[in-house]
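Let me begin by presenting the structure, written as structure tokens, before commenting on it.
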Amino acid sequence: MDIEGLQPPTDANTLARMLSRCASLLQARGCGVFIWDPDKGVLSAMRPFAGMEDADVKGAEFPVGGSAMSATVLDDRPVLLDELSEGQTDTETLRQLKIQNAASVPLALERRDEETDEVERSIIGALCAFDKYYGRPFDTEDVRLLAMMAKQVSAVLVTSQLYWRQIQKTKTQTAILESTSVGLMAVSNKGTVTQVNAAARMALGVQSQGWFGRPFDEVIDNQEIMGLISKALAGDPEEEPTELQLVVQKPDEVQEDRIYRVQLDQIRTEDNQSMGWVIVLENITDIRSAERMMAMLMDMVSHDLRTPLTSIRGFVATLLQAGEGMFDWDTQTEFLQIVDTEAERLGTMIDDFLNIARIQNGRGLQFNYMPIDLKKIVESVVRLQQQGSYMKHNHTLVVDIPDDFPSLNADEGKMTQTLHNLVNNALKYSPGGGEVRISARLVDGGVELNVQDQGLGIPKDQLPRMFGQFMRVEGADRAGIKGTGLGMWLTKHMVEGHHGRIWVTSEYGHGSCFHVWLPLDPNNAPGSG
């Protein structure tokens, strides 16, 4: 129980006057209230406390069990403490308050029926007078007067408790609304805003202050949601939820596209009177992303995987159907190399598929670190890409890595996929050809790997979003370039799995450079433990 905030200021003044009057009637130095908290099993002094300074009373409490005053609340009867005896749990607390003797009576909340017969009595604490003048003990007349005053004090506390319980209830409800991930905005029948929780403020770009009581069209600026509210207030609400895409400004100032299911429900009282409308905004971005990802993965399975598989089957069938001596050894070797390349390409696609599925299912990627030769992996990826569909005659792949470049600990498969995605991306978005340069250097205690192209480039405002799910730069110059928008998102996961980082620099129309920094040993990198 919050003792410091038990009563509003007006009740505090009333209570102070009552306690002072009680002390005067009993010819005592002071009088005060001890509130009982059954859950904690303690009696706590509540301010104001007539005859004592607030600073002396603050925090004063003692266990009920074994205390001299315990019978007041446990047995619902008066207690006279003419001389504080040793061995009582409240003796030390009372002596710290410089109390020599005391009288206490129960404080009770009572509910009565129409005939004024008592039907319920709940003990909330004790009213205590202390230090009778001239060193005299308290007597039964003092107890009678104290019991009369206790009824008046209880009446004040009942009002105070109801007041502060309502305040606490409101605070609790507000905290629940603020904490929920579903956006809620309430609008009265007159169109004024009465509630906007944190999730709704983020979704709609509403400031944390200054919205209460204002017309909804002054608080939000999304035309579609304003239209939904206007229709509802006019008595023609949309019966089905509406899906809207909103650009949300996150606390870290990064903008994020989100999809919301927006639904309006009427707010009604217990007697079915309308109090306005609540706008519910449910973030379904992850649901729609999962559906979109599944559709794209199925498309990749049915289309992209079919291409290398067709090549493999075609060349194998050619070799099997050819008679003896049909092809010389060099031709057979060439065919087998194509089959090997396409099988490797097929394996890379399957690995991408499995890794995307693992991330989407929340399982994360698994890494097996071992010493690898980065230059050999880059050269292997280059050979594979030279057979790919995006490699044109006017493309040049350049590997700029010294022969004596040191090895690093990494997952060979994930590094191969990372390089495959970066080089493939560079070729794909360089439809006019040009050089694609893969270079590496030692920097900041690790390896910086760079894949530089001379292609289309990326608009400056799109750079911060390049590693998001389904992120693709649209434009007439990119028409016909296929992709799922998952390659760089997956690459980011694989780089960060090595405790590295990835970023991109670009000049629109003049090419891009994707940079990857990796520690020489992920096991010893910061945050690896």
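Below is a table of values for the structure above.
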| read-out | value |
| --- | --- |
| Subset of the stretch 506-526 (residues that are open to solvent by 30 Å² or more (accessible area, probe 1.4 Å) and either free of Cβ contacts under 8 Å to residues at least 60 places away in the same chain or touching a helix residue (DSSP H, G or I) at 6+ places or on another chain (Cβ under 8 Å) (or both)) | 506, 507, 508, 509, 510, 524, 526 |
| Given (1) modelled with pLDDT under 90; (2) within 22 Å of residue 399 (Cα to Cα); (3) not in a helix (DSSP H, G or I), number of the condition residue 526 does not satisfy | (2) |
| Lone qualifier among 314, 276 - being of a type in the set (Gly, Ala, Ser), modelled with pLDDT of 80 or more, over 30 Å from residue 205 (Cα atoms) and open to solvent by less than 60 Å² (accessible area, probe 1.4 Å) | 314 |
| Count - residues of the stretch 257-296 that are in contact (Cβ under 8 Å) with a residue 60 or more places away in the chain and either in contact with an Asp or Glu (Cβ under 9 Å, 6 or more places away or on another chain) or within 20 Å of residue 221 (Cβ to Cβ) (or both) | 7 |
| Output for the stretch 42-57, where each listed residue is touching a residue at least 12 places away in the same chain (Cβ under 8 Å) and more than 16 Å from residue 106 (Cα to Cα) | 47, 48, 49, 50, 51, 52, 56, 57 |
| Single condition residue 468 does not satisfy, out of (1) part of a helix (DSSP H, G or I); (2) within 37 Å of the chain's Cα centre (by Cα); (3) more than 23 Å from residue 520 (Cβ to Cβ) | (1) |
| Number of positions in the stretch 39-63 that are modelled with pLDDT of 80 or more, aliphatic (A, V, I, L, M) and assigned to a loop (DSSP other than H, G, I, E, B) | 1 |
| Single residue of 461, 403 found to be surrounded by fewer than 21 Cβ atoms within 10 Å (Cβ to Cβ) and not in a loop (DSSP other than H, G, I, E, B) | 461 |
| Checking residue 90 against (1) surrounded by fewer than 18 Cβ atoms within 10 Å (Cβ to Cβ); (2) at pLDDT below 75; (3) out of contact with any Lys or Arg (no Cβ under 8 Å at 6 or more places or on another chain); (4) charged (D, E, K, R), the condition it does not meet | (1) |
| Output for the stretch 232-272, where each listed residue is among the hydrophobic types (A, V, I, L, M, F, W, C), over 20 Å from residue 206 (Cα atoms) and assigned to a strand (DSSP E or B) | 267 |
| Some residue of the stretch 77-86 being modelled with pLDDT of 80 or more, assigned to a loop (DSSP other than H, G, I, E, B) and not hydroxyl-bearing (Ser, Thr, Tyr) | yes |
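The values are calculated or read from the model by the stated rules, or taken from the named source; none is laboratory data. Only a predicted model underlies this, so the values are computations on that prediction, with no experimental measurement involved. Every residue, glycine as well, gets a Cβ built from its backbone with ideal geometry; the counts of neighbours run over all protein chains shown. What goes into the accessible areas is simple: the full protein's heavy atoms, side chains included, and nothing from ligands, DNA or RNA. Shrake-Rupley method; radii C 1.70, N 1.55, O 1.52, S 1.80 Å.
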